[in-house]
1. With (1) within 29 Å of B:D174 (Cβ to Cβ); (2) part of a helix (DSSP H, G or I) as the list, and B:E70 as the residue in question, which single condition is left unmet?
2. Just for the stretch A:4-30: of the residues that are assigned to a helix (DSSP H, G or I), among the charged types (D, E, K, R) and more than 14 Å from chain B (Cβ to nearest Cβ), which one is farthest from DNA strand D (Cβ to nearest atom)?
3. Going by what's in this entry, would A:I80 be described as open to solvent by less than 30 Å² (accessible area, probe 1.4 Å) and free of Cβ contacts under 8 Å to residues at least 40 places away in the same chain?
4. Working only within the stretch B:175-201, note down all residues that are more than 7 Å from chain A (Cβ to nearest Cβ) and closer than 24 Å to B:G22 by Cα.
5. Looking at the stretch B:31-54, can you tell me whether even one residue there is within 14 Å of chain A (Cβ to nearest Cβ), hydroxyl-bearing (S, T, Y), within 16 Å of DNA strand C (Cβ to nearest atom) and open to solvent by less than 60 Å² (accessible area, probe 1.4 Å)?
6. I need a count of the residues in the stretch B:153-190 that are basic (K, R) and assigned to a helix (DSSP H, G or I).
7. Against the definition (within 14 Å of another protein chain (Cβ to nearest Cβ), assigned to a loop (DSSP other than H, G, I, E, B), within 22 Å of B:E156 (Cβ to Cβ) and hydrophobic (A, V, I, L, M, F, W, C)), how does B:A109 come out, yes or no?
8. Do you know which of the residues in the stretch B:140-152 that are touching a helix residue (DSSP H, G or I) at 6+ places or on another chain (Cβ under 6 Å), in contact (Cβ under 8 Å) with a residue 24 or more places away in the chain and part of a helix (DSSP H, G or I) is surrounded by the fewest Cβ atoms within 10 Å (Cβ to Cβ)?
Protein chains: 2
Amino acid sequence: MESPDTRQRLVFTALRLFWEKGYGSTSIAEILQSASVNSGSLYHFFPSKQDLLLAVLDAYHEGIYPMLLEPAWAGIDDPIGKVFALLARYRKSLVDTDCFYACPIGSLALELHEPDPPVREGLAKNFRAWVGAIEGCLKDAAARLPRNLDRRSVAEFVLTTMEGGVMQARTFRDVAYFDNAVGQLKGYFDYLGRDAAASASRPTRKRGRSNKRRSR
Amino acid sequence: MESPDTRQRLVFTALRLFWEKGYGSTSIAEILQSASVNSGSLYHFFPSKQDLLLAVLDAYHEGIYPMLLEPAWAGIDDPIGKVFALLARYRKSLVDTDCFYACPIGSLALELHEPDPPVREGLAKNFRAWVGAIEGCLKDAAARLPRNLDRRSVAEFVLTTMEGGVMQARTFRDVAYFDNAVGQLKGYFDYLGRDAAASASRPTRKRGRSNKRRSR
DNA sequence: CTTCGCCTTGAACGATCAATCAAGTGACGT
DNA sequence: ACGTCACTTGATTGATCGTTCAAGGCGAAG
């Protein structure tokens, strides 16, 4: 495959290296060598390393649907099944890399302590897209979840579980920690499902307890 | 307070700086200046920067009970209350630092991509101690949780939730994301509590479904 | 052919990094 | 008084960092 587009090759190479080694530990020289590009070309397109990072975050964001969700959801119709199919994809990523790499955004989010607003926004944008996809599944699940359950909040919690599970699996180099996180989340969903079924068979009781989100 | 112990001053200083800026972004020179120590002294005690990191991880491990759990649990007897009191302490840390810093171990765990076994073991040891403390609470909760619920797995899930919630709160610079994670976890615990109460009033049914952990 | 502008080349720069080391200090045992 | 040794001093090292820049290639427009 020929790749005449230097800019794109740089972004993809940097994406891979940042994923594998983190942002701070990936040197410009390494990116240049991996992409077979000279420093002048890089700095022609990106004024600084941080601008390259921003381009990487954009590229990742662009790829969330076609590269992540689409393949993960191939042949899966059940909306809640889609949620766990996506988690299964991260599991595969962990297993394939001996529990080294999974979600590049999460790693970058905790590595970058700088307050640079554009970088943070790039990370946040990725998280929002991911959560939005899960939220869509939960909305599609309709009556299988409690009626007044805040779908967005639960979707954020799925991200919480995924990232926390990945962190532990990486630290212990054991995918069982990720499996446990997913298993507990599954338990939570089971409870939610039973709750929805129970209140459906007992229509419109008054007591309006429910998982409402706090104001933000 | 006088501090004649150079070694200890180095460890505490490094602990603080690693917490604030991460490991890779904290230079030896910065540690030396902050601790008012010369490089020769540092390298007298620690052969390399990584050895200093190991000492920091040890020190943090030593401090988990006296510096973290003890103050978080002061005046709290309810075991499940202790779990959420600990989470509340991380919340306070987030609020106090404008959502910059909370759990130093989690940040380091995702920053350090190196496979150095001793470092990973230092991180894992800290996680294990934390999970062990939560596990103790869950065991104390006794009948308020389903009888055959795996306490260790749920304790690991509490860590998952905390770390995932901190990651999102940091990225969005908004503690509401941490609050949501804790709120969802609370919802899960509510279900577990109701489940325990229900099966207690209906003693010893046969169907032994339950949150068993996978083999590891 | 000339000119212009995009893109590439790659040596070089100053800053900063972790780490070194020869020289020294001072408390302590003998 | 002397030797020993744990500890300190701080200049210095070589490597590596992100970044710069003068020079040149090259296709398209005039």
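The values are calculated or read from the model by the stated rules, or taken from the named source; none is laboratory data. Keep in mind the model is a prediction, meaning the values are calculated, not measured. Reconstructed Cβ throughout: ideal geometry from the backbone, glycine too, with neighbour counts over all protein chains shown. Accessible surface is based on the protein model in full, side chains and every heavy atom, while ligands, DNA and RNA are left aside. Shrake-Rupley method; radii C 1.70, N 1.55, O 1.52, S 1.80 Å.
1. (1)
2. Of everything passing the filter in the stretch A:4-30, A:R9 is farthest from DNA strand D (Cβ to nearest atom).
3. no
4. Once the filter is applied, which keeps residues that are more than 7 Å from chain A (Cβ to nearest Cβ) and closer than 24 Å to B:G22 by Cα, the stretch B:175-201 yields B:V175, B:F178.
5. No, the conditions are met nowhere in the stretch B:31-54.
6. 2
7. Details: within 14 Å of another protein chain (Cβ to nearest Cβ): yes; assigned to a loop (DSSP other than H, G, I, E, B): no; within 22 Å of B:E156 (Cβ to Cβ): yes; hydrophobic (A, V, I, L, M, F, W, C): yes.
Answer is no for this residue.
8. In this case the residue turns out to be B:D140.
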